[in-house]
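Worksheet: the structure to be examined is printed underneath.
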Amino acid sequence: MHHRHAHGPGGRGFQQLMDLIGLQDAAPAGAGRARRGDVRTATLLLLTEQPMHGYQIIREITDRSGGAWSPSAGSVYPTLQMLADEGLIDSEHSEGKKVYRLTESGAAAAAGLGGQRAPWEEAAGTTSDRTALQQSAARLAQAVFQVARTASESQRASATEVLDEARRKLYSLLAQD
């Protein structure tokens, strides 16, 4: 019987690490993901500023929420299609990308949203210190696995030293009063 040694993102060791630092449920309610209505509201509000393509909308939401909410293409593009079906936006191709803009009806619908807090602001307010630590740990884990897959032997040795030093510094934080 062959036993698989788990050292990669899909392995048991990685899963144990993620479970240990709580990354499987890192985001509190409302962080990271949002209701479809929030994607709709965010899209309408962003398009009041200027026409945008789908990935630009994703990037703006992510940036404006401080990284607390990064909607997927699988939530933004269906929302764009729904808004187009409702006659609230239309699109045109520009520089190889489909750019969306509000129609008159869309501008009226967006104006009706005035006074409420933007969904990305709400998402930004849900990020706790623990969530920020967990997100940082996840980004570190991604970098470690990228180094493990693609780095040269000397780069992996240097990365090991960096990680060992980081581990020592983290434990020293716990030792402080």
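Structure notes:
- Within the stretch 48-74, residues that are in a strand (DSSP E or B) reach partners that are basic (Lys, Arg) with beta carbons closer than 7 Å, at six or more positions or on different chains, in the pairs His53/Lys97; His53/Lys98.
- Within the set Arg139, Arg64, the sole residue that is farther than 15 Å from Val39 by Cβ, open to solvent by 60 Å² or more (accessible area, probe 1.4 Å), at pLDDT below 90 and among the charged types (D, E, K, R) turns out to be Arg139.
- Failed criterion for Asp177 (all others in (1) assigned to a helix (DSSP H, G or I); (2) at pLDDT below 85; (3) more than 30 Å from Gln81 (Cα to Cα) hold): (1)
- Residue count for the stretch 66-89, restricted to those that are among the small types (Gly, Ala, Ser), touching a Phe, Trp or Tyr at 6+ places or on another chain (Cβ under 9 Å) and closer than 26 Å to Ala108 by Cβ: 1
- For the stretch 83-103, a residue qualifies if it is free of Cβ contacts under 8 Å to residues at least 40 places away in the same chain and either closer than 13 Å to Thr43 by Cβ or touching a Gly at 6+ places or on another chain (Cβ under 9 Å) (or both), and the qualifying residues are Ala84, Glu86, Gly87, Asp90, Ser91, Thr103.
The values are calculated or read from the model by the stated rules, or taken from the named source; none is laboratory data. Note that the structure is a prediction, hence the values are computed from the model and not measured. Ideal geometry is used to build each Cβ from the backbone, glycine not excepted, and the neighbour counts take in all protein chains shown. These area figures cover heavy atoms from the full protein model, side chains too; ligands, DNA and RNA do not enter into them. Shrake-Rupley method; radii C 1.70, N 1.55, O 1.52, S 1.80 Å.
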